[in-house]
Amino acid sequence: MTPYPVTFPGQITESFIQKERAKISWAKNWEQEKRKFLSQIEELNQAHSSLQAQKDKIEERLENYHHKCSQLQSIELLDYYLPIRQVYPQFL
């Protein structure tokens with residue numbers, strides 16, 4: 001806020017009052033916009049946290065899937081080579 005211009009007591013000019021009202025109006029609008037912006041940031045942070053949690057779950061499932069696939073391949077290889085080894089022990 002601007003200090004009052006030098007005038008006689010009780011004689012503040014209308015133009016000065018209008019300028020001050022405009023500044024107050026701008027400050028109120030700025031405060032509202034700031035609140036909206038902060039609210040949007042909070043919403044985005046919550047959405048990010050949710051997506052991060054979903055990503056972590058998917059990565060964990062994928063890792064478990066790869067582990068199970070690896071185990072299954074090992075079992076399949078054993079099932080394949082065990083009979084061959086019994087018949088042809090010299091080749092393995």
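What separates the Cα centres of the stretch 28-44 and the stretch 57-74 is a distance of 44 Å.
Over the Cα atoms of the stretch 12-66, what is the Rg over Rh ratio if Rh follows Kirkwood? All intermediate terms of the calculation are to be shown ahead of the outcome.
Values: Rg = 23.7 Å, Rh = 15.0 Å.
We get a ratio of 1.58 for the stretch 12-66.
Measure off, as a whole percent, the carbon and sulfur share of the 1.4 Å-probe accessible area of the stretch 14-74, all protein chains present. C and S atoms contribute 56 percent here.
A 1.4 Å probe run over the protein chains yields, for the stretch 35-76, 97 Å² of accessible area per residue, whole-number rounding.
The values are calculated or read from the model by the stated rules, or taken from the named source; none is laboratory data. These numbers were taken from a predicted model, which means no experiment stands behind them. Areas reflect the complete protein model, heavy atoms only, side chains present, ligands, DNA and RNA absent. Shrake-Rupley method; radii C 1.70, N 1.55, O 1.52, S 1.80 Å.
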